Amino acid sequence: MPRLAFQPGSGATGVSRRLGLRAADGADAGEDNSACVLFPWPYRHGRSGQPGLHVECGFVVTPDGVVVFDALGTPALGEAMVSAIRNVTAQPIRRVIVSHYHADHFYGLQAFKAAGAEVWAHENGRQYLASDIAPSRLAQRKNDLKPWVNEKTRLVPADRWLHFDAGKTIQFALGGVHFRVIDMSGAHSPEDIMLAVDEDKMLFAGDLFFTGRIPFVGEADSKVWLGALDEMLKIAPAVVVPGHGEMSREPLKDLQLTRSYLLFLRRAMGDAVADMIPFEEAYQKTEWKTFASYPAFVQTNRINAYQTYLLMERESLLAK
């Protein structure tokens, strides 16, 4: 199991600290011989009258440097995470792995670049940065999250764009700790990747795993996403850090909510498409009570259903 508040080599324990933004509470983990330490850092960044931005990320400290997964959704949050790492270790921040190029996961990258980190991301992320969507989204965030997203906010590309061969895994080691970068592209986004920390049986899953809430499906390919969930089962992690929601120590149980929701969407919208029922009528007739009490249902379910309806239309045409 990962040690949530242990500095390797020191023989001492530590406690994660509140930084004003909202950091996860640490716990006295006791001494361990592990070469790495994980701090999951879920931050909530909000302002009066505005909904919070709640994204999970984390970092692993090894004897030769720090590996970070995701950079949070504003430069200020990125800077706060860099400060949190500095409070834990003097080791250099070697690498930031970006789960995908959605604003809430990579807008903090410039703080890590300033700290000397190398950024790794899936090669498909280049398409997003070159698209019209990227500057449009930045303009929206400047309006919605000012002053934290402003004219100084940059969209940072990767230093290394990752190309995955058929094996779909890129392995590397740092300080005796073994990592696997796993290609899950095309599920939640075109550039999805996950990061496994082998010694701790830890998986950073990005937005492919949600704990205790309805996922945002949007334009994702739910068929590919379901395949990605099957891959998580094969990895058999002891702990999963999701893109949103609490860290899961019961991954198999928590995975079932996302899986059952995606399957339900596909079945309900797929049946409507097969029967040529218009979306509005299909949505109103669908019984949503199994999922209606979960967080984020009100905010996400209708768009999830609509995009799944369109997806099932496309799949139906391809099958003909």
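The values are calculated or read from the model by the stated rules, or taken from the named source; none is laboratory data. Predicted, not measured: the structure shown is a model, and the values here were computed from it. Glycine also receives a Cβ, built like all others from the backbone with ideal geometry; neighbour counts cover every protein chain displayed. Heads up: the accessible areas ignore ligands, DNA and RNA and are worked out on the full protein's heavy atoms, side chains in. Shrake-Rupley method; radii C 1.70, N 1.55, O 1.52, S 1.80 Å.
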Check: Within the range 266-309, how many residues turn out to be of a type in the set (A, V, I, L, M) and either under 23 Å from GLU246 (Cβ atoms) or open to solvent by 20 Å² or more (accessible area, probe 1.4 Å) (or both)?
Finding: 9
Check: When ILE93 is evaluated against the numbered criteria (1) over 30 Å from ASP198 (Cβ atoms); (2) in contact with a helix residue (DSSP H, G or I) (Cβ under 9 Å, 6 or more places away or on another chain), which criterion, by number, is the only one it fails?
Finding: (1)
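LEU226 - would you say it is in contact (Cβ under 8 Å) with a residue 12 or more places away in the chain and part of a helix (DSSP H, G or I)?
On the way: in contact (Cβ under 8 Å) with a residue 12 or more places away in the chain: yes; part of a helix (DSSP H, G or I): yes.
Here the answer is yes, as LEU226 does meet what is asked.
Does at least one position in the range 245-259 carry a residue that is of a type in the set (A, V, I, L, M, F, W, C), in contact with a helix residue (DSSP H, G or I) (Cβ under 8 Å, 6 or more places away or on another chain) and within 24 Å of VAL60 (Cβ to Cβ)?
Filtering the range 245-259 down to residues of a type in the set (A, V, I, L, M, F, W, C) leaves 247, 252, 255, 257.
Filter once more, so that each one left must be in contact with a helix residue (DSSP H, G or I) (Cβ under 8 Å, 6 or more places away or on another chain): 252, 255.
Now narrow it down to the ones that are within 24 Å of VAL60 (Cβ to Cβ): 252, 255.
Within the range 245-259, one or more residues are of a type in the set (A, V, I, L, M, F, W, C), in contact with a helix residue (DSSP H, G or I) (Cβ under 8 Å, 6 or more places away or on another chain) and within 24 Å of VAL60 (Cβ to Cβ).
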Checklist line | Enumeration of residues in the range 282-320 that are assigned to a helix (DSSP H, G or I), under 27 Å from the mean Cα position of the chain (by Cα) and among the hydrophobic types (A, V, I, L, M, F, W, C) | finding: PHE297, VAL298, ILE303, ALA305, LEU310, LEU311, MET312
Next item on the list: Please find, among GLU123, GLU151, GLU118, the residue that is farther than 17 Å from VAL55 by Cβ, open to solvent by 40 Å² or more (accessible area, probe 1.4 Å), within 18 Å of the chain's Cα centre (by Cα) and of a type outside the set (S, T, N, Q).
Entry: GLU123
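Residues that are free of Cβ contacts under 8 Å to residues at least 40 places away in the same chain and either touching a helix residue (DSSP H, G or I) at 6+ places or on another chain (Cβ under 7 Å) or of a type outside the set (Ser, Thr, Tyr) (or both): which strands (runs of 3 or more DSSP E) entirely in the range 121-184 hold 2 or more of them? Steps first, answer last, please.
On the way: elements: 160-162, 169-174, 177-183.
In the range 121-184, 169-174, 177-183 are the strands (runs of 3 or more DSSP E) which contain 2 or more residues that are free of Cβ contacts under 8 Å to residues at least 40 places away in the same chain and either touching a helix residue (DSSP H, G or I) at 6+ places or on another chain (Cβ under 7 Å) or of a type outside the set (Ser, Thr, Tyr) (or both).
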Checklist line | Among (1) assigned to a loop (DSSP other than H, G, I, E, B); (2) aliphatic (A, V, I, L, M); (3) open to solvent by 20 Å² or more (accessible area, probe 1.4 Å); (4) under 21 Å from ASN304 (Cβ atoms), the one test that LEU263 misses | finding: (1)
Next item on the list: Assess whether THR258 counts as being in contact with a Pro (Cβ under 8 Å, 6 or more places away or on another chain), open to solvent by 10 Å² or more (accessible area, probe 1.4 Å) and hydroxyl-bearing (Ser, Thr, Tyr).
Entry: no
